[in-house]
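Heads up: the structure comes next, in structure tokens.
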Amino acid sequence: MLDIGGSHGLYSIELCRKNPALSSTILELPGAVDEASAIAAREGMSDRVKHRSGNALTDDLGEALYDLVVINNVVHHFTVPQNNELARRIHRALKPGGLYGIGEFIRRDTPRTGDVIGAMGSLYFALTSASGTWSEAEIRGWQKQAGFKTEKAMALMSLPGWKMVLARK
Ligand SMILES: C[S@@+](CC[C@H](N)C(=O)[O-])C[C@H]1O[C@@H](n2cnc3c(N)ncnc32)[C@H](O)[C@@H]1O
């Protein structure tokens with residue numbers, strides 16, 4: 001699997017622990033890799049979870065290399081054109097039948113529907129980064145234009161408002 005912006009690596013580490021055949025490449029910005037790879041090393045998973053220093057927006061992601069690509073809590077930093085282009089490059093990087101999972105706090109499609117986390121998150125990321133939170137329909141739009149088929153999104157009881165929006169090549 002490829003874990004884009006996977007930082008500390010704890011998502012990759014848990015997925016690899018649950019799936020003994022799985023290994024993960026974490027693509028992270030150079031400034032984060034030293035600290036992040038030390039965390040993965042402490043977990044004793046350095047043989048199957050490795051960091052790659054780079055930029056997901058500009059690096060070559062390869063062709064038909066991965067069964068799974070995840071990007072958790074990162075697309076709120078990217079614009080619509082960046083997320084569309086990234087989805088196309090991830091589609092190319094996945095093997096046939098591979099899964100693309102985008103994990104995010106989801107903003108509602110319409111305002112005033114009790115969505116405090118999604119709306120405040122959008123304001124926060126607009127002020128501190130280049131973008132904001134997204135609705136599930138917006139995220140699905142990037143996946144569809146890249147040629148993915150929609151899969152059921154997964155919500156977590158322990159993290160209200162967050163979803164893993166899944167699509168299959
Ligand atoms: C909010 S953290 C999410 C970390 C982890 N995925 C999680 O959910 O806990 C966002 C991460 O994305 C990384 N990131 C931001 N832009 C990136 C890019 N263009 N390429 C690779 N990583 C990027 C940051 O360095 C940071 O570690």
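What follows draws every value from the coordinates through simple rules; no lab data is involved. Remember, it's a predicted structure, so these values are computed and weren't measured experimentally. Note that we place each Cβ from the backbone using ideal geometry, even for glycine, and neighbour counts take in every protein chain shown.
Nothing charged except the Cβ atoms of Lys and Arg (+1) and of Asp and Glu (-1): what's the magnitude of the dipole of the chain about its Cα centre? Round to the nearest 20 debye.
Values: 20 positive and 18 negative charges, 119 e Å.
Dipole of the chain, to the nearest 20 debye: 580 debye.
How many nm is it between the label spots at Lys95 and Glu136, if each spot is 7 Å from the Cα in line with the beta carbon?
Modelled inter-label distance: 2.9 nm.
Quote the charge dipole size of region 1-55 about the Cα centre in Debye, to the nearest 20; the model charges only the Cβ of Lys and Arg (+1) and of Asp and Glu (-1).
So the dipole magnitude of region 1-55 works out to roughly 200 debye.
Tell me which of Ala38, Gly103, Ile13 sits at the most positive position along the dipole axis of the chain, charges placed on C-beta atoms (Lys, Arg +1; Asp, Glu -1).
The Cα lying farthest towards the positive end belongs to Gly103.
Output the relative contact order of the chain, whole-number percent, from Cα pairs under 8 angstrom with separation of 6+ residues. Don't skip to the answer; put the middle values down first.
Details: 334 pairs, mean separation 33.5, N = 169.
The normalised contact order for the chain reaches 20 percent.
Any chance you could give the angle, 0 to 90 degrees and rounded to 10, that helix 80-93 forms with the longest Cα principal axis of the chain?
40
Determine, from the Cβ-Cβ distance of Ala41 and Leu156 and an R0 of 25 Å, the FRET efficiency 1/(1 + (r/R0)^6), rounded to the nearest 0.05.
Numbers: r = 27 Å, r/R0 = 1.09.
The calculated FRET efficiency here is 0.40.
Want the number for Asn73 to Arg108: 0.36 nm per residue separation, take away the alpha-carbon distance, what's left?
Values: separation 35, 0.36 × 35 = 12.60 nm, distance 1.65 nm.
Between Asn73 and Arg108, full extension yields 10.9 nm more.
Counting other Cβ atoms within 10 Å of each Cβ, which GluC sites (Glu not before Pro) in region 7-71 have at most 13 and sit in a DSSP loop? Don't jump to the answer; show the numbers that get you there.
Numbers: sites: Glu14, Glu28, Glu35, Glu43, Glu63; in loops: Glu43, Glu63.
Sites meeting the loop and neighbour criteria: Glu63.
Hey, what number do you get for the chain at 222 nm if only DSSP H runs of n ≥ 4 count, each worth -39500 (n - 2.57), divided across all residues, to the nearest 500? If you can, show how the numbers build up before the last one.
On the way: 5 runs with 59 residues, N = 169.
Computed mean residue ellipticity for the chain: -11000 deg cm²/dmol.
Hey, what's the Kirkwood Rh for the chain if you take every pair of different alpha carbons, in angstrom?
16.4
Ratio of region 54-120's C-alpha Rg to 2.2 N^0.38 Å, to two decimals?
Numbers: Rg = 14.2 Å, N = 67, 2.2 N^0.38 = 10.9 Å.
So the Cα radius of gyration is 1.31 times the expected 2.2 N^0.38 Å.
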